[in-house]
Amino acid sequence: MLSTEPPLSRHLSGLVAEYAARTPDALAVADGEELRTYAQLDELISSWAAGLSRLGLERGGTLGLLCTNRIEWLACALGAHRLGARVATFNTFAKAWDLEHMLAHSQASVLVCVQRFRSRDYRETLAELLPELKDREWRAERFPQLRHVVLLGDEPSPAGALSQDDVLGAGPAALPDGATSPDDDAFVLYTSGSSARPKAVPLVHRALIENGFDIGERMELTGADRVFVSVPLFWAYGAVNALPATLTHGGALVLQEAFEASGALDLIERHRCTAIYTLPNMTAALISADGFDRARVASLRTGLTIGTPSDLRSVIDGLGVDGICNIYGGTETYGNCCVTPTSWSRERRELSQGPPLPGMRLRIVDPESGTELPAGAIGEIHVSGYLARGYLDDDTDASAAFGADGWFHSGDLGALDEEGALTFSTRATEMIKTAGINVAPREVEEFLALHPSVRIAAVVGVADERITEAVVAFVVPQAGASVTAQELRAFCAERIAMFKVPARIHVVDELPTTDTGKLARARLVELDMQEGEITA
């Protein structure tokens, strides 16, 4: 049974207009102290659409957006959508080298960028990439397609940049009739690029809304929900997951500009948030934050997380979010293709990533022979249904992942049970080959997390001349606990096969992550090579 009737619109900006007509006074977004109802957000989107239209943005064009989680992100992006343009979202942690690539690759004609956030002054980055911007009249040598730069903020800007007031100050304007289609690109998202230059993934409105609605249904969202979102909107977990899942149910987004534990607790408590998008490192930070009290987050009832059984247990037992859902998916599969229903028992949600969403299909394939495998067998996960059409203007081998048969070859390993629910194993590229035997990092990580003094563990393979790869673990102790590498190796040796026992174990204060919060496994390999021995 549906928790909410599906919306009629199949276009993100039309979705806001639909709820502005149905529930005009319902809260749509909270950004600190600033609140906007659906009617107010819809009006702001129209103002941005009018202003961007005057800058020459039109259907088929591209807006580049480098912005933290704030109302302007939503209004600007959906304003561009209202014109039929697509939005290329840029990572706010990107340095000049990556930003240069994304700005040139996206062919953005308008760039909207925050002036600064925390210690980052993006005007300095723009001065490096666009020295011409110091002049009122300019043309960018590196980016000949770029015509306008809009800077968000109250500080002085280069002479050639526009302000938000410049864009919105002229008031409303008539928009082109029939400017949009559900099959237009809504976003171009750049993958994190942890091992290569970021790949551009184009995603269309129709699939964003239909799959987003299904994600929200697994969480049992309704129009009464307030969803806490501090995961970046430039990332699929934000733009492709939290955004459409919330808006398709007429709920409210409660935005934190970027995650910070104490501020997150304040926002959740103040707005009585009922759902949360979290990650293992965020969950740990919330629980260990000064001033944390379960009573402050008691309003939370559901949400999504990515991780192992111990990660789900932390959300349920630590934060008290009994209805948290486990997930599987990626940018190419419109965020999630599997979500555990809230109604499942916690034990089942801990051990599975759930069944495919209604518009998705999964199969498990032998990565060498290409043969489809039976239930229970581990192989490569292939996905069909709501898929990106490929990587945008990509001339590398990466596009081969989108098979000619309509299945996306994920590069992940997992198994389906008899009822079709997925259990994720590991990235195929992360599988450790030690002395001729395959070791799945996730399996060893989950075992280490059973030790009462271990909060979280990460396992990687490190090149070894004798055995090809050595199994190496990094563990973060529980708050106030103490544990040594020797104790952990003994714990493992008593209970798991010796080839799975880490050759080296490092006890650390925290695990390194990428800009979007994913575990930086390559950095762990570097750290181990620097240490070179068992540490405690």
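Every read-out reported here was derived from the displayed coordinates using simple, explicitly stated rules and does not represent laboratory data. Just so it is clear, the model here is predicted, and its values are computed rather than measured. Note: ideal-geometry Cβ built from the backbone for every residue, glycine included; neighbour counts use all protein chains shown.
Taking the Cα centre of the stretch 33-190 as reference, the dipole from Cβ charges on Lys and Arg (+1) and Asp and Glu (-1) amounts to some 200 debye.
With R₀ fixed at 35 Å, the C-beta to C-beta distance from residue 464 to residue 398 puts the FRET efficiency at about 0.75. Amide H to amide H distances under 5 Å link residue 354 with 422, where only residues 5 or more positions off or on other chains count and H is placed in the peptide plane. Rounded to two decimals, what is Rg over Rh for the chain when you use alpha-carbon atoms and the Kirkwood radius? Rg/Rh: 0.97. Normalised by 2.2 N^0.38 Å, where N is the number of residues, the alpha-carbon radius of gyration of the stretch 63-165 equals 0.98.
What is the antiparallel percent of DSSP beta bridges lying wholly in the chain, to the nearest 5? Antiparallel: roughly 55 percent of the beta bridges in the chain.
For residue 93 and residue 375, a Förster radius of 51 Å and the Cβ-Cβ distance give a FRET efficiency of 0.80, rounded to the nearest 0.05. Under the convention that each Lys and Arg Cβ holds +1 and each Asp and Glu Cβ holds -1, the size of the dipole of the stretch 1-101 around its Cα centre is about 340 debye.
The eigenvalues of the Cα gyration tensor, multiplied by 5 and square-rooted, give the stretch 259-428 an equivalent ellipsoid with semi-axes of 34, 18, 13 Å from largest to smallest. Applying a DSSP loop filter and a limit of 12 other Cβ atoms within 10 Å to the GluC sites (Glu not before Pro) in the stretch 148-250 leaves nothing. Computed extension length for residue 222-residue 43: 62.1 nm, one decimal, from 0.36 nm per residue of separation with the Cα-Cα distance subtracted.
Note on the stretch 1-121: semi-axes of the ellipsoid equivalent to its C-alpha gyration tensor, largest first and rounded to whole Å, are 27, 18, 14.
For the pair residue 22 and residue 270, a Förster radius of 22 Å applied to the C-beta separation gives a FRET efficiency near 0.25, rounded to the nearest 0.05. What the Kirkwood sum gives for the stretch 382-521 is a hydrodynamic radius of 17.2 Å, with every pair of different alpha carbons counted.
Of the residues 44, 13, 425, the one whose Cα sits farthest toward the positive end of the charge dipole of the chain, with +1 on the Cβ of Lys and Arg and -1 on the Cβ of Asp and Glu, is 44.
Working ranking of peptides 365-376, 445-456 by packing, defined as the average number of other Cβ atoms within 10 Å per residue, highest first, is 445-456, 365-376. Length gained on full extension, residue 154 to residue 509: 124.0 nm, using 0.36 nm per residue less the C-alpha separation. Working note: 222 nm ellipticity from helices only, DSSP H runs with n ≥ 4, each -39,500 (n - 2.57), summed and divided by the residues of the chain, gives -7500 deg cm²/dmol to the nearest 500.
Per-peptide packing, taken as the mean over residues of other Cβ atoms within 10 Å, places 140-153, 304-317 in the sequence 304-317, 140-153 from highest down.
Pairs exceeding 23 Å between alpha-carbon atoms, taken from 199/500; 134/199; 95/134; 95/433: 199/500; 134/199; 95/433. Multiplying the residue separation of residue 366 and residue 482 by 0.36 nm and subtracting their alpha-carbon distance yields 37.5 nm. The DSSP beta bridges internal to the stretch 431-531 are antiparallel in roughly 80% of cases.
Two numbers describe the Cα atoms of the stretch 163-302: Rg and Dmax, which are 17.6, 53 Å.
Label separation (residue 522 vs residue 137): 4.4 nm, computed from points 7 Å beyond Cα along the C-beta direction. Scalar couplings 3J(HN,Hα) for the stretch 291-298, obtained by applying the Karplus form with A = 6.51, B = -1.76, C = 1.60 to θ = phi - 60°, are x, 5, 8, 3, 5, 6, 10, 5 Hz; x denotes Gly and Pro. In the chain, the longest principal axis of the Cα atoms and the axis of helix 12-22 are about 70 degrees apart.
For the chain, a crude dipole built from +1 on the beta carbon of Lys and Arg and -1 on the beta carbon of Asp and Glu, taken about the Cα centre, is about 320 debye to the nearest 20.
Roughly how many whole Å is it from the C-alpha centroid of the stretch 94-155 to that of the stretch 334-397? Distance between centres, Cα-based: 38 Å.
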